[in-house]
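Take a look at the structure set out below.
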Amino acid sequence: MGERIYDVGIIGGGIVGLATAMALVKSGVNSVVILEAEAELAAHQTGNNSGVIHSGLYYKPGSLKALNCVAGREALYRFCREQGIAHQACGKLVVATRPDEIAALDALEKKGAANGLRKLRRLGAAELKEYEPHVAGIAGLWVGETGIVDYTQVCAKYAGIIRAGGGEIRLNFRVEGCRRDSGDLVLNSPAGAVRCRNLVNCAGLQSDRVARLCGVKPGLQIIPFRGEYYELLPGRRDLVRNLIYPVPDPRFPFLGVHFTRRIGGGVEAGPNAVLAFKRHGYKKTSFSLRDTAQFALYPGFWAMGLKFWKMGMGEFYRSFSKRAFVKALQRLVPGIQAGDLVPGGAGVRAQALEANGFLADDFRIKEAERMVHVLNAPSPAATASISIGESIAAMALKNFALAAKRR
Ligand SMILES: Cc1cc2nc3c(=O)[nH]c(=O)nc-3n(C[C@H](O)[C@H](O)[C@H](O)COP(=O)(O)OP(=O)(O)OC[C@H]3O[C@@H](n4cnc5c(N)ncnc54)[C@H](O)[C@@H]3O)c2cc1C
């Protein structure tokens, strides 16, 4: 039997790669293979995230984030109901604790309404306690559409649908090279080679590198930001009913440390956003010379540093000082004490940075001949996965069909 040639090879078995493969399989393209470097699916961003089904509150109306979050959220709730995945539309509370945050809260409320949220409720100081008795603030916004889920479980269901539809998943297959051969693309890894007609790059924290090794200039650089969590001790979980968030600083892409109830039980506090010196570095001591040198040599990094150095130093300080971390949490829930928290896990976010120092805000996808590269898929990409997967699959079908005609 000759070597198999797949119609589509997808690099990356996180939620975006899986959702894309699922959409392709559902649209009748079943000669699909997912190539995942790790021994399991969802090993990086997807499996280490906060487990929040975002509502669509934060995103610029009309942006890819806003459109895909809103559509993807509803699709995800439907998928969870159909597939029997544990989830809850528990809602969340955004709390303003200072008068200077009221304008930003107003802006959030407007954005949420523009993005079609129907379960928004503006609250005064006393009303906050109806939702979260231990919160203190001067005003708030209740967002009923927000929910919680375990994205690793969601991925397991996506994988089941892909396999049942004829797609394949290869684990322990780290793509290290890509060459064109007789009109096909040959993807090399230490585990062997796979031949495909087209490819989709969904490599998350490695997406810029994978683009380059496929001969495509990404036009941006992935900067890793670690998010560290604490967990509330079981006896203190009654401090938080559901999800409690601060009003985010609109100049910064991350949401600020918050409280999140997990669908599997427990309450987490965090994540912060600390510049990481290793793309897959989950510990404070994680360091990779290659990863660090790569961003340090990128011109946009220093431009970003100039803009955000003060905020960045604060995040570093909070990373090493539990007292400072607790102080940030006490703004929302004054009763919380350092002794109520134990260190939890961490995740690393892939944040795309442009050469001019701008943090790419929206999802970013780049097409090349027989290729689609997903270069920036930060939060809420897990929430939005079904919708993004369908968009990438549609883009791929169009691009690849054109490529096929040219052959
Ligand atoms: C701390 C944190 C909290 C978050 N909270 C939320 C949240 O509550 N809600 C939400 O919607 N979003 C959240 N997000 C964002 C969300 O998790 C990501 O947007 C989403 O998981 C991105 O999925 P992905 O498939 O693009 O990336 P990943 O999940 O990182 O998957 C990429 C995959 O590609 C593989 N790969 C890389 N290089 C190669 C290679 N050369 N060959 C083969 N495979 C390769 C990796 O091993 C990895 O499995 C959070 C993210 C983090 C980090």
(message) Between the stretch 16-82 and the stretch 182-242, how far is it from one alpha carbon centroid to the other, in angstrom?
(response) 13 Å
(message) Heavy atoms only, 1.4 Å probe, whole protein assembly: order ARG209, ARG237 by accessible area, highest first.
(response) ARG237, ARG209
(request) Using a cut-off of 15 Å between beta-carbons, work out the net charge of the residues near ILE336 (Lys and Arg +1, Asp and Glu -1, ILE336 not included). (result) +4
(message) Please enumerate, by chain and number, the aspartates and glutamates with C-alpha under 13 Å from the C-alpha of LYS26, excluding those fewer than 8 residues away in the same chain.
(response) GLU390
(message) Positive end of the dipole of the chain, charges at C-beta (+1 Lys, Arg; -1 Asp, Glu), about the Cα centre: which of TYR77, GLN206, PHE225 has its Cα farthest in that direction?
(response) GLN206
(request) Let me know the shape class of the stretch 196-294, please: from the alpha-carbon gyration tensor, a ≥ b ≥ c as square roots of the eigenvalues, rounded when a/c is under 1.5, otherwise prolate if a/b is greater than b/c, or oblate. (result) prolate
(request) Divide by every residue of the chain the summed helix terms, -39500 (n - 2.57) for each DSSP H run of at least 4, and state the resulting mean residue ellipticity at 222 nm, rounded to the nearest 500 deg cm²/dmol. (result) -10500 deg cm²/dmol
(message) Can you tell me the length gained on complete extension of the stretch ASP249 to LYS310, counting 0.36 nm per residue apart and subtracting the Cα distance?
(response) 20.6 nm
(request) Excluding GLY192 itself, calculate the net charge of residues whose Cβ lies under 13 Å from the Cβ of GLY192, where each Lys or Arg counts +1 and each Asp or Glu counts -1. (result) +2
(message) Run the simple label-point estimate for TYR317 and CYS90 please: 7 Å along Cα→C-beta, distance reported in nm.
(response) 3.2 nm
(request) Considering Cα pairs under 8 angstrom that are at least six residues apart, work out the relative contact order of the chain and quote it in whole percent. (result) 24 percent
(message) Could you tell me the calculated FRET efficiency between ALA324 and ASN356, based on Cβ-Cβ distance and R0 = 30 angstrom, to the nearest 0.05?
(response) 0.45
(message) How big is the dipole moment of the chain about its Cα centre under a simple scheme where the beta carbon of each Lys and Arg is +1, that of each Asp and Glu is -1, and everything else is neutral? Debye, nearest 20, please.
(response) 380 debye
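For the chain, report the translational diffusion coefficient in µm²/s to the nearest whole number, using Stokes-Einstein at 10 °C, 1.306 mPa s, and a Kirkwood Rh over Cα pairs.
Stokes-Einstein gives a translational diffusion coefficient of 73 µm²/s.
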(request) Give the shape of the stretch 1-50 as rounded, prolate or oblate, defined through the alpha-carbon gyration tensor: a ≥ b ≥ c are the square roots of its eigenvalues, a/c under 1.5 means rounded, and otherwise the shape is prolate if a/b is larger than b/c and oblate if not. (result) oblate
(message) If I model a spin label at GLU74 and LEU233 as a point 7 Å from the Cα along the Cα→Cβ vector, what separation in nanometres do I get?
(response) 4.5 nm
(message) On a full-extension model of 0.36 nm per residue, what is the gain between ARG179 and LYS26, subtracting their alpha-carbon distance, rounded to one decimal in nm?
(response) 52.2 nm
(request) Could you check the simple spin-label distance between TYR282 and GLU127, using points 7 Å along Cα→Cβ, in nm with one decimal? (result) 4.1 nm
(message) Report, in listed order, any pair from LYS111/LYS284; LYS111/LYS283; LYS278/LYS310 with a Cα-Cα distance greater than 27 Å.
(response) LYS111/LYS284; LYS111/LYS283
(request) Please report, in debye to the nearest 20, how large the charge dipole of the stretch 106-232 is about its Cα centre when each Lys and Arg carries +1 at its beta carbon and each Asp and Glu carries -1 there. (result) 600 debye
(request) Would you mind counting up the charge near GLY116? Only other residues with Cβ under 11 Å from its Cβ, with Lys and Arg at +1 and Asp and Glu at -1. (result) +2
(request) With +1 on each Lys and Arg Cβ and -1 on each Asp and Glu Cβ, and nothing else charged, work out how big the dipole of the stretch 314-407 is about its Cα centre, in Debye to the nearest 20. (result) 180 debye
(request) Would you mind checking the stretch 333-353 for residues with the amide N under 18 Å from a putative spin-label position 7 Å along Cα→C-beta of ARG98? (result) 333-334
(message) Hydropathy at least -1.0 by Kyte-Doolittle, axial extent at least 15 angstrom from the Cα trace: which helices of the chain, defined as entire DSSP H runs, fit?
(response) 15-26, 64-83, 102-114, 151-164, 299-320, 385-406
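The values are calculated or read from the model by the stated rules, or taken from the named source; none is laboratory data. It should be emphasised that the depicted structure is a prediction, and the values quoted were computed from it without experimental measurement. Every residue, glycine as well, gets a Cβ built from its backbone with ideal geometry; the counts of neighbours run over all protein chains shown. Surface areas here come from the heavy atoms of the whole protein model, side chains and all, with no ligands, DNA or RNA. Shrake-Rupley method; radii C 1.70, N 1.55, O 1.52, S 1.80 Å.
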